[in-house]
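*Asks:* Okay, handing you the structure first.
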């Protein structure tokens, strides 16, 4: 004997879109939010405790 599966009548819709662009912050903006020094931030990136920076141009790091 098999049990009948209940019909799904309600769909959930998130308020935020799934493909929203990521916000990129420069080093100054990050240091305003997170109270650490530049050296500590660099060390955190190196050990994997903080996301690594990305270069969007040769002289622009975010």
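Read-outs throughout are calculated quantities, based only on the coordinates presented, and are distinct from any laboratory measurement. Computed from a prediction, not measured in an experiment: that's the story for all the values here. Methodologically, a virtual Cβ is constructed for each residue, glycine included, from the backbone with ideal geometry; neighbour enumeration extends over all protein chains shown.
*Asks:* Measuring from label point to label point, each 7 Å out along Cα→Cβ, what is the residue 46 to residue 30 span in nm?
*Replies:* So the two model labels end up 1.4 nm from each other.
*Asks:* Right, here's the next one. Multiplying the sequence separation of residue 60 and residue 38 by 0.36 nm and subtracting their Cα-Cα distance, what value in nm do you get?
*Replies:* So the extension gain works out to 6.3 nm.
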